[in-house]
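Engineer: Structure in structure tokens, see below.
The values are calculated or read from the model by the stated rules, or taken from the named source; none is laboratory data. Note that the structure is predicted; figures quoted are calculated from it, not measured. A quick note on method: Cβ atoms are made from the backbone with ideal geometry, for glycine too, and the neighbour counts reach across all protein chains shown. Each accessible area value is taken on the protein alone, full model and side chains, heavy atoms only, with ligands, DNA and RNA left out. Shrake-Rupley method; radii C 1.70, N 1.55, O 1.52, S 1.80 Å.
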Amino acid sequence: MTMRTGRRSGVGESALRPDGTLKVTGEFAYASDLWLDGMLWGATLRSPHPSAWIRSVDLSPALAMPGVFAVLTHRDVPGEKCYGLERGDQPVLAVDQVRYQGEPVALVAADHPETARRAAAAIVVEYAPREAVVDPERAAFDPDCPLVHPDGNLVRHQPVRVGDVAAAAPAAEVVVTGEYEVGMQDQAFLGPESGLAVPAEDGGVDLYVATQWLHADRDQIAPCLGLPADRVRLSLAGVGGAFGAREDLSMQIHAAMLALRTGRPVKMVYGREESFFGHVHRHPARMRYEHGATRDGRLVYIKAEIVLDGGAYCSSTPAVVGNAASLGVGPYEVANISVDAYGVYTNNPPCGAMRGFGAVQACYAYESQMDRLAEACGLSPVEIRMRNAVSQGSRIATGQLIDTPAPLAEMLAELAAMPLPEPVAVPADLRLLPGGVSQTTHGEGVRRGVGYAVGLKNICFSEGSDDYSTARVRVESLGGEPHVLVHTAAAEVGQGLVTIQAQIARTELGIDRVTVAPADTTVGSAGSSSASRQSYVTGGAVKTACEAVRRRLDALRADHPGRALVELLERFGPVEETREYRHRPTEPMDPVTGQGDTHTQLALCVHRAVVDVDVELGLVKVVELAAVQDVGRILNPLALEGQIHGGSAQGLGLALMEEIQVRDGRVLNPSFTDYLIPTVLDMPPMRLSILENPDPHAPYGLRGAGEPPTLSSTPAVAAAVRAATGLPLTRVPIRPEDIALTPADA
């Protein structure tokens, strides 16, 4: 969809979103709305077993059904049998075995979606179920554990070693230990996986899909179709949320295979239950931490072991492990560090990217530890953090120098000084109490708690990734006025990137009329809409291309003084430039010590949560969230506030309600009836303080802002519930049975 913008604001203003009104009124075209005359519908048969051999597949019942045009298995994959975001370990369709419940086994194309689904269900597959590997620690450390993949269950082990923990330990006067667990969170986007594949006259295929990374999709799809990359053309369809789950392929290769086989356009749209099986989730984590400090709360050493369950296939597990390891001690100065982060294969659902990946899990553990340390030292949660806070000139666990502003102590002080909400008098209006109008005890067991937390998040890709974006900017005369066309392959997934690109063009070129062209693969890669990177990298590319165009326009004006710009454009034609933008280089973590300048940029957010907990019913109401975040430079205030609110909401969800419940490798709650996400009734009012301390290395001095709020909101809410109940609460999400006190306890 072409996004046209009229006379609107530049960088630093709350420019209106060109897609905003359409989305609010229901007129926006999402990928699931795509339609072509004569198209067929695709459906997928998925494994009911988390681990099994495939003994036989009988397609004849499906082929015999009227309206069925194709039924495909792995034998029909035209090219490479496997693909993957970081490793090519995931079969397009299962070959001789399945490694997780929901793994695709066969495909059907039919003239009606119900026919396609019935035909898929009619396929007869004989399975030989086998022992499923479901315990990530067993997968990581038990030599007798069955192998999920022939080369072993370990995806990545990343140590971090700084100083000498063993030698420093005797100097620690206070030691606190803890074991923590984070459940499997889903991205819970509202728009299911969907797209349309159209066979082309050149033997290739055109794909219109909801994705986060068009070029990475193409580079995985083309080899599996046996086609050169230039014959697999992708265009971004309307995206109904992403949060990391659309970095991996879902229906793309399947729809393309069916389209090429039938010679007809093929549309695929997952239902909600299938969506839970069709995309990756946040890695569950088990973590053991030990913090040693002096009596006055100064950190002496930190030891940590982090085990991340990657599920059946690799996806982005190596990067998640790298983030968990490098950020595993948080934004604190400590001279002695020993961290071991592991990512493992299991027969649980595949896990990959989700907002703040790797850093979210570690943040819950290290912030829980800081609260324990504060209590052991007789300090407040704020004071213990301020005494150990990093600042500009500090080094993080990888040895990387923080060479940009990092006013963490000041942020904490500002947060602590914010006024607290008034307590609710009991008896009270039930709508103000945990449980709302369903409250049954009228507030007699309600206790208030306040919690604080800090998060440190890397921005952009890390560890030596060739992270760049491409932008093409064209200035021409259109309707007697200068007009700018901005074209990138960057995916607009709801974060407002289309608006930012137009703001940058208006700022750099001084031209009000700007069109942002639909994202597709006819322009160079823009990388993924993840890692809080697009404003930085694609914004940098648009800015750089605009600067190149401006230089040419300035030269044209100098050669022809006194002429209006539109006159020059009409006489000499459009001015167009394409530029790539790369941030400063990073390097991989040392495989033994974890040292290296691994991250492009680091961002800080701090949260305070105020909760009311009914300890008799086990119910929690988050009364208020307050946040202080340093964003470097504000590009769009309204959009930025939305990002902080959204990230905080997902962190609240992880703290209190969101979890894919998996038992013996099987998902128990693949629906929004049973997988709970925060609604407008669950989200409290928020106090925000947004700081601007520009990063001199970044375009406009900006600092990626979408992910950091997700880190610190979860442990802040958990800390507040602990403060209200006095319970240790070492696992999120916290459930009613975790906090409801018996009469004797109360």
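Engineer: Leaving out ligands, DNA and RNA but keeping every protein chain, what accessible area does LYS621 have, in Å² rounded to the nearest 10, with a 1.4 Å probe?
Structural biologist: 60 Å²
Engineer: Given a 1.4 Å probe and the protein chains all in place, what does the accessible area of THR673 round to, in Å² to the nearest 10?
Structural biologist: 110 Å²
Engineer: Ranking request for peptides 646-658, 195-207: highest mean number of other beta-carbon atoms within 10 Å first, then the rest in descending order.
Structural biologist: 646-658, 195-207
Engineer: Once neighbouring chains are kept in place and the probe is 1.4 Å, which whole percent of the accessible area of the range 27-70 is contributed by carbon and sulfur?
Structural biologist: 59 percent
Engineer: Something else: Magnitude of the Cβ-charge dipole of the range 101-190, K/R +1 and D/E -1, about the Cα centre, nearest 20 debye?
Structural biologist: Roughly 280 debye for the range 101-190.
Engineer: Divide by every residue of the chain the summed helix terms, -39500 (n - 2.57) for each DSSP H run of at least 4, and state the resulting mean residue ellipticity at 222 nm, rounded to the nearest 500 deg cm²/dmol.
Structural biologist: -8000 deg cm²/dmol
Engineer: Continuing with this model, one more query. For the range 397-452, what % of the accessible area comes from carbon and sulfur atoms, probe 1.4 Å?
Structural biologist: Answer for the range 397-452 is 60 percent, counting heavy atoms of protein chains only.
Engineer: Label-point separation (nm) for THR522 and ASP664, each offset 7 Å from Cα along Cα-to-Cβ?
Structural biologist: 5.4 nm
Engineer: Dipole of the range 362-511 (Lys/Arg Cβ +1, Asp/Glu Cβ -1, origin at the Cα centre): which of LEU430, ALA505, ALA389 lies farthest to the positive side?
Structural biologist: LEU430
Engineer: Using a 1.4 Å probe, what is the accessible area per residue for the chain, in Å²?
Structural biologist: Per-residue value: 36 Å².
Engineer: Along the Cα→Cβ direction, 7 angstrom out, place labels at LYS23 and ASP590. What is the inter-label distance in nm?
Structural biologist: So the label points at LYS23 and ASP590 sit 4.5 nm apart.
Engineer: Now a separate question. Rank these by accessible area, largest first, 1.4 Å probe: ARG161, ARG722.
Structural biologist: ARG161, ARG722
Engineer: Still on this structure, please answer the following. Relative contact order (percent) for the range 632-746, with alpha-carbon contacts under 8 angstrom and 6 or more residues of separation?
Structural biologist: Once divided by the residue count of the range 632-746, the mean separation gives 40 percent.
Engineer: Test of understanding: what is the full-extension gain from THR440 to MET418, defined as 0.36 nm times their sequence separation minus their Cα-Cα distance?
Structural biologist: 4.7 nm
Engineer: Normalised by the number of residues in the range 544-651, what is the relative contact order in percent for Cα pairs under 8 Å and 6+ residues apart?
Structural biologist: 15 percent
Engineer: Given a 1.4 Å probe and heavy atoms of the protein chains only, how would you sort SER469, SER391, SER530, largest accessible area at the top?
Structural biologist: Descending accessible area places them as SER391, SER530, SER469.
Engineer: Right, something else. Keeping every protein chain in place, order GLU476, GLU383, GLU367, GLU333 by accessible area at 1.4 Å, biggest value first, i.e. largest first.
Structural biologist: GLU333, GLU383, GLU476, GLU367
Engineer: Rounded, prolate or oblate: which fits the range 234-351, taking a ≥ b ≥ c as square roots of the Cα gyration tensor eigenvalues, rounded meaning a/c under 1.5, else prolate when a/b beats b/c?
Structural biologist: prolate
Engineer: Moving to a separate point now. Under a point-charge model restricted to the Cβ atoms of Lys and Arg (+1) and Asp and Glu (-1), what is the dipole moment magnitude of the range 32-124 relative to its Cα centre, in debye to the nearest 20?
Structural biologist: With only Lys, Arg, Asp and Glu charged at Cβ, the dipole is about 320 debye.
Engineer: Give the accessible area for GLU547 in Å² (nearest 10); use a 1.4 Å probe, count only protein heavy atoms, and leave out ligands, DNA and RNA.
Structural biologist: Solvent-accessible area, nearest 10 Å²: 40 Å².
Engineer: Expressed in nm to one decimal, what extension gain is obtained for the pair ALA64 and ALA167 from 0.36 nm per residue of sequence separation less their Cα-Cα distance?
Structural biologist: Using 0.36 nm per residue and subtracting the Cα-Cα distance, I get 29.8 nm.
Engineer: Suppose each label sits 7 Å from its Cα in the direction of the beta carbon; what would the VAL426-GLU273 distance come out to in nanometres?
Structural biologist: So the two model labels end up 4.2 nm from each other.
Engineer: Could you point to the residue in LEU691, HIS599, GLY10 farthest towards the positive end of the chain's charge dipole, with +1 and -1 charges on the Cβ of Lys/Arg and Asp/Glu respectively?
Structural biologist: Value computed over the given set: GLY10.
Engineer: Follow-up question, since we're still on this one. Could you point to the residue in VAL667, GLY297, SER194 farthest towards the positive end of the chain's charge dipole, with +1 and -1 charges on the Cβ of Lys/Arg and Asp/Glu respectively?
Structural biologist: Farthest along the dipole direction, towards plus: SER194.
Engineer: If I compute solvent accessible area with a 1.4 Å probe over the protein chains, what percent of it on the range 252-357 is carbon and sulfur?
Structural biologist: 45 percent
Engineer: Which value, in debye to the nearest 20, gives the size of the charge dipole of the chain about its Cα centre, when Lys and Arg are +1 and Asp and Glu are -1 at the Cβ?
Structural biologist: Computed about the Cα centre, the dipole is about 1040 debye.
Engineer: Would you mind calculating the relative contact order of the chain from Cα pairs under 8 angstrom and at least 6 residues apart, reporting the percent as a whole number?
Structural biologist: 16 percent
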